[in-house]
Amino acid sequence: MSILERDVNAPASWNGNLPVTSRYTFGLAGERFFRAIKDEGRLYGTHCPNCNRTYVPAASFCERCLSELTEWIDVGLVGEVHTFTLLHENYDGSPRETPEVVAFIRMEDGGLVHRIDEIQPDEIEIGLHVEAVFKPKVERNGSILDILYFKPANL
Amino acid sequence: MTAKITNFPGTPLGEEDFAEGKVLFNYDQMHGDFAWDTGIAIGRYLAALKEGIILGARCATCRKTVVPPRTVCEWCFRPMQEYVPLQDSGIVNTFSLCYVTWDVQRIKEPEIPAVIEIDGASPLHGIMHKIGGVDPQKVHIGMRVKAVWRPPSEREGAITDIMYFKPIEEV
């Protein structure tokens, strides 16, 4: 075996895993926003009277004028599809039989990224009004996934 | 610099705040899987460890023997002449008594990482490993040590096929 030949019996690769875990807290405004989802099943935004804007999800400070926001507004459960995409693959790369629909749902001057369901994918269009569907209260743990998905709203 | 500050601004959080559900949080685990190609020389090195041999490489031009082996001499950039089996003993070049584990847990019995100059390699050439089977206070630079190998059936072609280096009884 020459010096530049690979030993076929040698381990070809060294396999490892980086055990990185994270715990993300939502911050002062985020904490109140997710508490409201968990306990009330409501979505809140904060209003800036200076700029006449309402941020969803709620924020502590106006990103335009940097003033502190104290006016909390129940923004309801209905938003408008701003843009969407169909996912034909799962997170692990395996194919899906029916596509998963992920959309940015505009609410006031902000919005949420979430799933859309209870509608055929080819019927979804930009501008469609959709309504949040929550998990039962006992199963909610203060996460964005306490909302199962958005469904077409009955207006 | 922070010694003068008695009250830090913000909202401090303790482990009990998470346990008691006082604060909401999102727990996540990164998929940090990786595969590192062993290459030609390190592949040979790992295969040799499985056989209970520490392998080096010799440059005929520089008359240097390095460990772990490589295919190209890092001094003259010529190809190495050959792989050479070395002794599984050596001399402690430097060491540390380490009272924390890699994930920052405090431990009472220190781990002793050390650079060991392997017998058969050129002077000052060695590998990093652990020292064991010794009173930590008695470890010293220049101490002669010998590899303690795993039983052949448990070896997997890894640097951990050597469990640690143990002092050779000085006569």
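Within the stretch B:112-167, which residues are of a type in the set (Val, Ile, Thr) and assigned to a strand (DSSP E or B)?
Of everything in the stretch B:112-167, those that are of a type in the set (Val, Ile, Thr) and assigned to a strand (DSSP E or B) turn out to be B:Ile112, B:Val115, B:Ile116, B:Ile118, B:Ile127, B:Ile131, B:Val145, B:Val148, B:Ile162.
Can you tell me how many residues in the stretch A:36-57 are within 12 Å of chain B (Cβ to nearest Cβ) and not small (Gly, Ala, Ser)?
3
For A:Val130, state whether it is over 26 Å from B:Phe25 (Cα atoms), under 16 Å from the mean Cα position of the chain (by Cα) and surrounded by 17 or more Cβ atoms within 10 Å (Cβ to Cβ).
yes
Mind listing whichever residues of the stretch B:14-26 are exposed (fewer than 10 other Cβ atoms within 10 Å of the Cβ) and not in a loop (DSSP other than H, G, I, E, B)?
Passing the criteria: B:Glu15, B:Glu16, B:Ala19.
Given the structure, is B:Tyr83 facing another protein chain (nearest Cβ under 10 Å), in a strand (DSSP E or B) and either crowded, with 17+ Cβ neighbours inside 10 Å or out of contact with any Pro (no Cβ under 7 Å at 6 or more places or on another chain) (or both)?
Yes, satisfied.
In the stretch A:91-111, is there at least one residue being under 30 Å from B:Ala35 (Cα atoms), more than 14 Å from chain B (Cβ to nearest Cβ) and either in a helix (DSSP H, G or I) or of a type outside the set (Gly, Ala, Ser) (or both)?
yes
Go through (1) in contact (Cβ under 8 Å) with a residue 24 or more places away in the chain; (2) of a type outside the set (Lys, Arg); (3) more than 13 Å from chain B (Cβ to nearest Cβ); (4) not in a strand (DSSP E or B) and name the single condition A:Asp122 misses.
That leaves (1) as the condition not met.
Name the residues in the stretch B:135-161 that are surrounded by fewer than 14 Cβ atoms within 10 Å (Cβ to Cβ) and more than 19 Å from B:Leu49 (Cα to Cα), would you?
Hits for the stretch B:135-161 are B:Asp135, B:Gln137, B:Lys138, B:His140, B:Ile141, B:Gly142.
Can you report the number of residues in the stretch A:92-108 which are over 15 Å from the mean Cα position of the chain (by Cα) and more than 20 Å from A:Thr54 (Cβ to Cβ)?
Residues flagged as over 15 Å from the mean Cα position of the chain (by Cα) and more than 20 Å from A:Thr54 (Cβ to Cβ) within the stretch A:92-108 amount to 8.
Table: residues versus (1) loosely packed, with under 12 Cβ neighbours inside 10 Å; (2) facing chain B (nearest Cβ under 7 Å); (3) over 42 Å from the mean Cα position of the chain (by Cα).
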site	(1), (2), (3)
A:Leu4	yes, yes, yes
A:Val8	yes, no, yes
A:Ser13	no, yes, no
A:Val20	yes, yes, no
A:Thr25	no, yes, no
A:Leu28	no, no, no
A:Phe34	no, yes, no
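Being in contact with a Ser or Thr (Cβ under 7 Å, 6 or more places away or on another chain) and either charged (D, E, K, R) or at pLDDT below 95 (or both) is the filter here, so list the residues in the stretch B:145-171 that pass it.
Within the stretch B:145-171, B:Lys146, B:Ile168 qualify.
Hey, can you tell me all the residues within the stretch A:133-155 that are part of a loop (DSSP other than H, G, I, E, B) and either under 16 Å from the mean Cα position of the chain (by Cα) or exposed (fewer than 15 other Cβ atoms within 10 Å of the Cβ) (or both)?
A:Lys135, A:Pro136, A:Arg140, A:Asn141, A:Gly142, A:Ser143, A:Asn154, A:Leu155, listed by residue number.
Conditions tested, residue by residue: (1) within 13 Å of chain A (Cβ to nearest Cβ); (2) at pLDDT 95 or above; (3) surrounded by fewer than 11 Cβ atoms within 10 Å (Cβ to Cβ); (4) in a strand (DSSP E or B).
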{"position": "B:Pro12", "(1), (2), (3), (4)": "yes, no, yes, no"}
{"position": "B:Asp33", "(1), (2), (3), (4)": "yes, no, yes, yes"}
{"position": "B:Leu46", "(1), (2), (3), (4)": "yes, yes, no, no"}
{"position": "B:Leu49", "(1), (2), (3), (4)": "yes, yes, no, no"}
{"position": "B:Leu55", "(1), (2), (3), (4)": "yes, yes, no, yes"}
{"position": "B:Ile91", "(1), (2), (3), (4)": "no, yes, no, yes"}
{"position": "B:Asp103", "(1), (2), (3), (4)": "yes, no, yes, no"}
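Of B:Gly132, B:Gly120, which residue is surrounded by 15 or more Cβ atoms within 10 Å (Cβ to Cβ) and over 21 Å from B:Ala41 (Cβ atoms)?
Answer to the check: B:Gly132.
The values are calculated or read from the model by the stated rules, or taken from the named source; none is laboratory data. Please read all numbers here as calculations on a predicted model, not as lab measurements. Quick reminder, even Gly has a Cβ in these numbers, built from the backbone with ideal geometry, and neighbours come from all protein chains shown.
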